[in-house]
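The values are calculated or read from the model by the stated rules, or taken from the named source; none is laboratory data. Note that the structure is a prediction, hence the values are computed from the model and not measured. As a convention, Cβ positions derive from the backbone with ideal geometry for all residues, glycine included, and neighbour counts pool all protein chains shown. Side chains included, ligands, DNA and RNA excluded: accessible areas come from the protein's heavy atoms. Shrake-Rupley method; radii C 1.70, N 1.55, O 1.52, S 1.80 Å.
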Amino acid sequence: MTVTTERAIPFFPPDLFDTDREALLAALYEVGTDPEQKFILGRRTARFEDALRTSLGADHVVACSSGTSALTLVLAAMDVGPGDEVIVPAFGCAPLASTVLARGATPVFADTDPVTLTMDPDHAERLVTDRTRALMPAHMFSVMADMPRLRDLATRAGVRLVEDSALAQGGTLRGRPAGLWGDAGVYSFVQVKVFGMPGEGGVALSGDAELADRLRMLRNHGQDGRHRFLHHRIGHNSRFDEVMAAFQLHRMAGLEERVARRTAICSHYSSHLADLAGCGVVAPPVGGDGRFPYVYTLLCEDRDGLRDHLAASGVDTHVYYPRVLPEQPAFAPYANRGGEWPRARDAARRNISLPLYPHLTDERVEHVIAAVRAFAHGRNR
Ligand SMILES: Cc1ncc(COP(=O)(O)O)c(C=O)c1O
């Protein structure tokens, strides 16, 4: 099939914020001309934290400069440090390892569940030692980690549970939103996320008032917000931007609708792709509890063949994390000796994600489905 630029369906669409451009300019003007001249951690950030808190039923929401920073602040607030071990998934994003190492602690990598692509609780349990301070599972692509089992494991092991829910806004499991299962959770608002924005930012969430107080101090150089230049803890600069807070407050009104549209696209993909497992293309587990509509990820033995086929059909795709964390040059020196992560490697080798965003048209969704099906059936002939 010939591909024209007009027809190509991008994976990362360049027009995510086009319909809100006026609101963005208005937010910039409003903050820029506000006599208060407060550009970080002002009243808009406080209102944004409050709005999230109310909509989620969370106890404490602390806005900060990114999802990575939120994880760093959480680990610091829990006093994770040298000599401590944190169990993290072997398949996932760099901050799962780097935030632990930045605290002087050691990431211990657990293998992946082959269906959900999240941390395998059985393997995690085998990795618990008397040095383990925390478990840090991550929700992956469109499926939440097995939080009931991980919660139970953390409680039995007497360790903290850090929920990397950076991607998982909009997901709930047994009625509890992603981010509220751990002793602390996080969201990322980087551009492509479910509640992405045109800038960097994130939040840490917690039901623990003392931990939340520490997080607030740690995001602003260990100060308590009342006494300037009094530093209670070794802190960070991880403050939230007022323009982004104003923009997110504006966008919050449409969040539910955008999540619903993403969910509908995921369901449609699943109802037309779930039967392809026998042809070597495996769709994510079908809908239901513990799902969220961030990225729709297939597993395919001939991943590169599928990728080339879709590209030739005008469908842009994305491959996340093609190398597992313990085999990355930066993290390999710290990886558990003799560790093996066969299913994480398998996920790294086979995953491929399809376009998914609220303004993806029905026609384009059908085109993506037809292209994937043509590949699967062509191979099976
Ligand atoms: C699972 C996960 N955790 C944490 C992060 C870090 O978030 P940020 O990019 O806002 O630092 C990401 C980034 O995409 C992520 O995918």
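Look at V162 and say whether it is assigned to a strand (DSSP E or B) and assigned by TED's automatic domain parsing to the domain that holds R214.
Taking the combined requirement at face value, the residue satisfies it.
Quick one: is T54 outside any loop (DSSP other than H, G, I, E, B) and within 15 Å of the ligand (Cβ to nearest atom)?
On the way: outside any loop (DSSP other than H, G, I, E, B): yes; within 15 Å of the ligand (Cβ to nearest atom): no.
When the stated conditions are applied, T54 does not pass them.
Across the range 200-235, what is the number of residues that are touching a helix residue (DSSP H, G or I) at 6+ places or on another chain (Cβ under 7 Å), closer than 9 Å to H60 by Cβ and not hydrophobic (A, V, I, L, M, F, W, C)?
So the answer is 1.
Counting only residues that are in a loop (DSSP other than H, G, I, E, B), in contact (Cβ under 8 Å) with a residue 60 or more places away in the chain and open to solvent by 40 Å² or more (accessible area, probe 1.4 Å), which one in the range 323-367 is farthest from F17 (Cα to Cα)?
Only one residue fits best here, namely E340.
Looking at the range 210-223, is at least one residue in a strand (DSSP E or B), within 16 Å of the ligand (Cβ to nearest atom) and modelled with pLDDT of 95 or more?
Within the range 210-223, not a single residue is in a strand (DSSP E or B), within 16 Å of the ligand (Cβ to nearest atom) and modelled with pLDDT of 95 or more.
P13 fails exactly one of the following numbered conditions: (1) part of a helix (DSSP H, G or I); (2) out of contact with any strand residue (DSSP E or B) (no Cβ under 8 Å at 6 or more places or on another chain). What is the number of that condition?
Unmet for P13, out of (1) part of a helix (DSSP H, G or I); (2) out of contact with any strand residue (DSSP E or B) (no Cβ under 8 Å at 6 or more places or on another chain): (1).
Which numbered condition in (1) open to solvent by less than 30 Å² (accessible area, probe 1.4 Å); (2) hydrophobic (A, V, I, L, M, F, W, C); (3) away from the ligand (no atom under 16 Å from the Cβ); (4) over 30 Å from P342 (Cα atoms) is the only one that V61 fails?
Evaluating V61 over (1) open to solvent by less than 30 Å² (accessible area, probe 1.4 Å); (2) hydrophobic (A, V, I, L, M, F, W, C); (3) away from the ligand (no atom under 16 Å from the Cβ); (4) over 30 Å from P342 (Cα atoms) leaves (3) as the failure.
Between V203, V186, V190, which is within 16 Å of the ligand (Cβ to nearest atom) and either touching a Phe, Trp or Tyr at 6+ places or on another chain (Cβ under 9 Å) or not assigned by TED's automatic domain parsing to the domain that holds C93 (or both)?
One residue alone meets the criteria, V203.
What are the pairs, 6+ residues apart or on separate chains, where a residue within the range 259-279 that is assigned by TED's automatic domain parsing to the domain that holds F375 has its Cβ under 7 Å from a residue that is modelled with pLDDT under 95 and among the hydrophobic types (A, V, I, L, M, F, W, C)?
Short answer, once both residue conditions are applied: S270/V286; A274/V286.
Would you confirm, using the coordinates I've provided, whether T155 is in the same structural domain as T72 (by TED's automatic domain parsing), more than 24 Å from P284 (Cβ to Cβ) and of a type in the set (S, T, N, Q)?
The answer is yes for T155.
Which of the residues spanning the range 290-310 are touching a Phe, Trp or Tyr at 6+ places or on another chain (Cβ under 9 Å), assigned to a loop (DSSP other than H, G, I, E, B) and open to solvent by 50 Å² or more (accessible area, probe 1.4 Å)?
The answer is D302, and nothing else.
Can you tell me which condition A105 does not meet? The list is (1) within 16 Å of the ligand (Cβ to nearest atom); (2) more than 25 Å from V319 (Cα to Cα); (3) open to solvent by less than 10 Å² (accessible area, probe 1.4 Å), and all the others hold.
Evaluating A105 over (1) within 16 Å of the ligand (Cβ to nearest atom); (2) more than 25 Å from V319 (Cα to Cα); (3) open to solvent by less than 10 Å² (accessible area, probe 1.4 Å) leaves (1) as the failure.
Of the residues T129, T72, T155, which single one is within 15 Å of the ligand (Cβ to nearest atom) and either open to solvent by 20 Å² or more (accessible area, probe 1.4 Å) or not in a loop (DSSP other than H, G, I, E, B) (or both)?
Details: T129 fails: within 15 Å of the ligand (Cβ to nearest atom); T155 fails: within 15 Å of the ligand (Cβ to nearest atom).
That would be T72, the only listed residue that is within 15 Å of the ligand (Cβ to nearest atom) and either open to solvent by 20 Å² or more (accessible area, probe 1.4 Å) or not in a loop (DSSP other than H, G, I, E, B) (or both).
Which one of these is open to solvent by 50 Å² or more (accessible area, probe 1.4 Å), at pLDDT 95 or above and closer than 30 Å to T116 by Cβ: S313, S267?
Exactly one residue qualifies, and that residue is S267.
Cβ-Cβ under 9 Å, sequence separation 6+ or interchain: first residue in the range 61-88 and under 13 Å from R103 (Cβ atoms) and free of Cβ contacts under 8 Å to residues at least 12 places away in the same chain, partner more than 10 Å from the ligand (Cβ to nearest atom) and assigned to a strand (DSSP E or B). Which pairs?
D79/R133
Here are V194, V203: which of them is part of a loop (DSSP other than H, G, I, E, B), modelled with pLDDT of 95 or more and closer than 28 Å to P355 by Cα?
Of V194, V203, the one residue that is part of a loop (DSSP other than H, G, I, E, B), modelled with pLDDT of 95 or more and closer than 28 Å to P355 by Cα is V194.
Check the range 289-311 and report whether any residue there is of a type outside the set (D, E, K, R), in contact (Cβ under 8 Å) with a residue 40 or more places away in the chain, over 26 Å from M147 (Cβ atoms) and in contact with a Lys or Arg (Cβ under 7 Å, 6 or more places away or on another chain).
Yes, the range 289-311 contains at least one residue that is of a type outside the set (D, E, K, R), in contact (Cβ under 8 Å) with a residue 40 or more places away in the chain, over 26 Å from M147 (Cβ atoms) and in contact with a Lys or Arg (Cβ under 7 Å, 6 or more places away or on another chain).
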